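First comes the structure, then the notes that go with it.
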Amino acid sequence: MKLTCIIGDDSTIQRLAVSKLVSTHKNLTLITEYSNAIEAKQGIKKDKVDLIFLDVEIPIINGFDFLESLTKSP
């Protein structure tokens, strides 16, 4: 079973590192990456996401507040 995932992190280097790890896992499909929670929340509305790799300290809304704001949790 393949899981779809996104990355939410304001650090380009960290997004790249996680993206490389995801690409080596045969059961994960990376949909896209986001640099802030607002973009991630809008993206989740249009794409089915099973898993989020999320930084806690991201701009605008922190990672915990972002997760609490989701109506349907991945």
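Each reported figure results from applying straightforward, stated rules to the coordinates on display, with no laboratory input. These figures come from a predicted structure and were not determined experimentally. All Cβ positions, even for glycine, are placed from backbone atoms using ideal geometry, and neighbour counts span all protein chains on display.
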Simple SL model, points at 7 angstrom along Cα→Cβ for residue 12 and residue 32; separation in nm is 1.9
For residue 8, the residues 5 or more places away or on another chain with a placed amide H closer than 5 Å to its own amide H are 34, 53, 54, 55
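Looking at the chain, what % of the alpha carbon pairs are farther apart than 19 Å?
28
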Once phi for every residue in region 30-43 is put through the Karplus expression 6.51 cos²θ - 1.76 cosθ + 1.60 (θ = phi - 60°), the whole-Hz ³J(HN,Hα) values, with Gly and Pro written as x, are 7, 7, 6, 10, 10, 9, 8, 6, 5, 4, 4, 5, 5, x
A correct Karplus calculation of ³J(HN,Hα) over region 52-67, with 6.51 cos²θ - 1.76 cosθ + 1.60, θ = phi - 60°, whole Hz and x for Gly and Pro, returns 10, 9, 10, 6, 6, 9, 10, x, 6, 10, 6, x, 5, 5, 4, 4
